[in-house]
Amino acid sequence: MPSTAAPTYTLMQMNLCLSGLGGCYRKVAYPAVVSEAVARIHEARPDAVTFNEACRGDIALIARRTGYRLRFSRVIYLGGPQACIKPGGRGLFGDAVLTKAAIESTDSRPFEAQAGIERRDWLCVTTRVDVDVCTAHLATREADEVAANDPQCTELRALLARRAAARTVIFAGDLNRRASCAPGGFWTRTDRSAEQDPGRQHVYGTGALRSPSAQVVPATHSDHDVLLVRAHLTAQP
């Protein structure tokens with residue numbers, strides 16, 4: 001008899017610390033961090049991958065090596081685009097989404113609430129399999145940025161609720177907080193069992209993504225472990 005089980009939708013969230021500016025970059029051992037990301041994607045073959053603290057050239061290389069589609073959103077730093085350094089020539093700093101499915105549309109905007117030297121944005125793509133994939137990297141809880149974290153959380157909650165009115169939505173990102181920003185009707189999974197900076201990376205999904213399970217995969221070349229979430233994709237009601 002043919003199987004009637006819902007297909008599994010898998011999302012992988014990674015913060016790669018690629019800018020060359022952060023103290024965490026010592027752990028990256030570039031280009032080992034890129035090779036590790038490619039290996040993790042090949043192992044899990046997720047439907048989508050979300051990246052924070054990424055570089056356009058590095059993510060393009062990962063996309064080529066894995067066969068995924070790519071969308072990238074640059075981060076504004078000290079009033080302008082920030083080029084990745086140590087080494088240079090890797091493109092601009094920002095966030096990214098990779099998907100197996102073709103991407104039909106892309107939307108990215110800055111949050112209204114901002115603090116500190118880095119502008120925080122969100123990025124969403126609509127895919128041909130009728131799933132929207134979104135990511136964001138919210139302001140930290142450090143003194144110079146903490147005032148923006150809660151308001152950005154509120155904005156993110158409203159954004160996801162609007163998109164979920166018409167589409168299946170899955171979100172993942174480094175939110176620099178443990179409290180969820182998910183709208184009502186979404187589930188939340190986090191990397192709370194991670195050895196590195198636990199509980200800061202979140203994945204949220206709508207009801208069409210059922211029975212979600214989370215797995216933390218250790219990362220050697222980043223200050224965040226990898227968060228892998230699997231759910232059963234059902235038709236929208």
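The values are calculated or read from the model by the stated rules, or taken from the named source; none is laboratory data. Please read all numbers here as calculations on a predicted model, not as lab measurements. Cβ placement follows ideal geometry from the backbone for every residue including glycine, while neighbour counts extend to all protein chains displayed. Note: areas computed on protein heavy atoms with side chains; ligands, DNA, RNA excluded. Shrake-Rupley method; radii C 1.70, N 1.55, O 1.52, S 1.80 Å.
What the table shows:
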quantity	calculated
Mean accessible surface per residue for segment 117-197, computed with a 1.4 Å probe while every protein chain stays in place, in Å²	42
Computed label-point distance, nm, for sites residue 42 and residue 195 using a 7 Å Cα→Cβ extension	2.3
Cut-off under 5 Å, modelled amide H: who pairs with residue 111 long-range	120, 121, 122
Segment 1-114 - Debye-derived log10 I(q)/I(0), Cα point model, q = 0.09, 0.18, 0.21 Å⁻¹	-0.27, -0.93, -1.19
17 Å tail of the calculated P(r), segment 138-182, as % of Cα pairs	34
Normalised convex hull volume, segment 54-114, alpha-carbon set, Å³ per residue	89
Packing rank of 164-177, 100-113, 32-45, where each peptide gets the mean count of other beta carbons within 10 Å, highest leading	164-177, 32-45, 100-113
Rounded Å value of the spacing that divides the Cα centres of segment 162-179 and segment 60-91	22
Cα gyration tensor shape for segment 120-222, rounded if a/c is under 1.5, else prolate or oblate	oblate
For residue 192, distant residues with modelled amide H under 5 Å away	199
Amide hydrogen neighbours beyond the local backbone of residue 226, cut-off 5 Å, H modeled	217, 219
Long-range tail of P(r) for segment 84-136 (Cα pairs > 12 Å, %)	69
Potential extension, residue 27-residue 130 segment - 0.36 nm per residue separation minus Cα distance	33.3 nm
Segment 178-195 - phi-based ³J(HN,Hα) in whole Hz, Karplus 6.51/-1.76/1.60, Gly and Pro as x	9, 6, 6, 10, 6, x, x, x, 8, 9, 10, 10, 9, 8, 5, 8, 5, 7
C-alpha long axis of helix 56-66 to longest principal axis of the chain, angle in °	40
Positive minus negative residues near residue 219 (Lys, Arg vs Asp, Glu; Cβ under 12 Å)	-4
Distance cut-off 24 Å, percentage of C-alpha pairs in the chain lying past it	39
Cβ-defined net charge surrounding residue 166, 15 Å radius [Lys, Arg +1; Asp, Glu -1]	-1
